[in-house]
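Worksheet: one structure, shown below.
Values in this text are rule-based calculations from the coordinates and carry no lab data. None of the values given here were measured: they were computed from a predicted structure. No Cβ is skipped: glycine too gets one built from the backbone with ideal geometry, and neighbour counts run over all protein chains shown.
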Amino acid sequence: MRPLLFPIDDQRVRFYPDTPMATLSTLLPGRRMVLITDQHVYRYHKKVFAPFDTIVLRAGEQFKVQATIDGLIDRLIQLEVDRTTVLVGVGGGVVTDLVGYLAAVYMRGIDVGFVPTTILAMVDASIGGKNGVDVGQYKNLVGSIRQPLFVLHDYTFLSTLPKREWSNGFAEIIKHAAIGDAAMFAELKKNNLDGYRNDLVKLRRLIVRNVRFKNRVVVNDPFEKAGRKYLNFGHTLGHALEMQYELSHGEAISLGMMFAAQLSEKKLHFSETNELRQLLIGYGLPVEAGFSAQKVFRSLSMDKKRVKRSVDFILLFRIGRAVVHPIPLTELASRLKQYV
Ligand SMILES: NC(=O)c1ccc[n+]([C@@H]2O[C@H](COP(=O)([O-])OP(=O)(O)OC[C@H]3O[C@@H](n4cnc5c(N)ncnc54)[C@H](O)[C@@H]3O)[C@@H](O)[C@H]2O)c1
Ligand SMILES: [Zn+2]
């Protein structure tokens, strides 16, 4: 099978859409692969791991921390992993973020590949090379930017993916549509989650469209100096909520997108908040939640993206057209109070 090639920085990421996991060992002839996954993926798909040395992690965002990396480094030493070995992260975004970071620091950097097993990791987390861990309440505070050698999609993994995780992934898909693809937004409106779950051809087309979308953004701006910032739509408030409340990544950014849409109304006369709301609801995502404006504000005012006395938000002119807009901290405090 011939991969699609995505040139990013000085590397070409090989992307294998719709490719059986059984072909993994043939992708890089002569190279040893060590697989890292989490307990859920391992439990459902044990057989595919049998030919490889496999490390199984506990599942969950709470394990996306430096202590997990330290434990993994010990395991790699035990397994005599050296520079010629390729680490392969098989799992959701937590696994791909951890394994990408591990590969970046172990022996000052060894090769890595990803087999994303959630929609979210397929369309977002495994693309673009960003990786890392959370520190306390700060999401992704420590990490690196480093591209994988390859990304392989095997849709049979999705047969065991819980419905809530499908919704999570669609939060990022809706985000892509909102910031840069109005035609995709229209397609999503015409369809629904079960429609995609039950139609592999339609799903494949949507996933590849999103992979291409994210790649295009990253290729044009690998180090987030310009257009890549738009991918943070919904994430400024989203991250703060995700770390303080029992919300998944997708749920948190759904709420973040609603807040950003309302800010866009005020600042840019954006007039499609209701369309966005209906779409998020249609894909099983939350659009309103009670939270402590004060608690969230404290966390936002410490955000990595803060420049001086304001926080950079991604706002929308219209569906498909985004912009970076600094919001002064004083204004943010009052807008948050109105939102909750
Ligand atoms: N690096 C990036 O650019 C980037 C982009 C977006 C998100 N992320 C990160 O991704 C993470 C979220 O990713 P996620 O939503 O995939 O979360 P996750 O990795 O926690 O996976 C969600 C749940 O689904 C389970 N699971 C995974 N695949 C499964 C399968 N095929 N069948 C059954 N269960 C399965 C996992 O065990 C877990 O319980 C966050 O940490 C976020 O910060 C990173
Ligand atoms: Zn995200």
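Observations on the model:
- Here the relative contact order of the range 4-161, from alpha carbon pairs under 8 Å that lie six or more residues apart, stands at 26 percent.
- Under 11 Å, Cβ to Cβ, from Leu79 - net charge with Lys/Arg +1 and Asp/Glu -1: -2
- With helices as the sole contributors, the chain gives -13500 deg cm²/dmol at 222 nm; each DSSP H run of n ≥ 4 counts as -39500 (n - 2.57), and the sum is divided by every residue.
- When its C-alpha radius of gyration is set against 2.2 N^0.38 Å (N residues), the chain gives a value of 0.97.
- Spin-label zone in the range 1-29 - amide nitrogen under 19 Å from a point set 7 Å from the Cα of Thr156 along the C-beta vector: 1-2, 16-28
- Relative to the dominant Cα principal axis of the chain, helix 93-105 is inclined by about 60°.
- Across the chain, Cα pairs under 8 Å and at least six residues apart give a relative contact order of 14 percent.
- Placed amide H near Asp53: partners under 5 Å, 5+ positions off or other chain: Leu35
- The ranking of Asp82, Asp38 from fewest to most other beta carbons within 10 Å of each one's beta carbon is Asp82, Asp38.
- The simple spin-label model puts a point 7 Å past each Cα toward its Cβ; for Met302 and Arg321 those points are separated by 3.8 nm.
- Label reach from Arg12 (point 7 Å along Cα→C-beta): in the range 80-122, no amide nitrogen lies under 14 Å.
- Under the Karplus curve 6.51 cos²θ - 1.76 cosθ + 1.60, θ = phi - 60°, whole-Hz ³J(HN,Hα) for the range 50-63, x wherever Gly or Pro sits: 3, x, 10, 5, 10, 9, 10, 9, 5, 8, x, 4, 5, 9
- Taking Glu172, Glu246 and counting other C-beta atoms within 10 Å, the order from fewest to most: Glu246, Glu172
- J(HN,Hα) series, the range 108-115, from Karplus relation 6.51 cos²θ - 1.76 cosθ + 1.60, nearest Hz, glycine and proline x: 6, x, 10, 6, 9, x, 10, 10
- Theoretical FRET efficiency, 1/(1+(r/R0)^6), r = Cβ-Cβ of Asp312 and Leu200, R0 45 Å, to 0.05: 0.70
- Take the Cα of Val142, go 7 Å toward its beta carbon, and the backbone nitrogen atoms of the range 67-97 under 12 Å from that spot belong to 67-71.
- Excluding same-chain neighbours fewer than eight residues apart, the aspartates and glutamates reachable from Lys190 by a Cα-Cα span under 13 Å are Glu275.
- Listed from fewest to most Cβ neighbours within 10 Å, the set Asp124, Asp97 follows the order Asp97, Asp124.
- Applying a DSSP loop filter and a limit of 12 other Cβ atoms within 10 Å to the trypsin sites (Lys or Arg not before Pro) in the range 201-238 leaves Lys225.
- Proximity of backbone amide H atoms, modeled 1.01 Å from N, is registered between Ile8 and Val13 at under 5 Å, excluding neighbours fewer than 5 places apart on the same chain.
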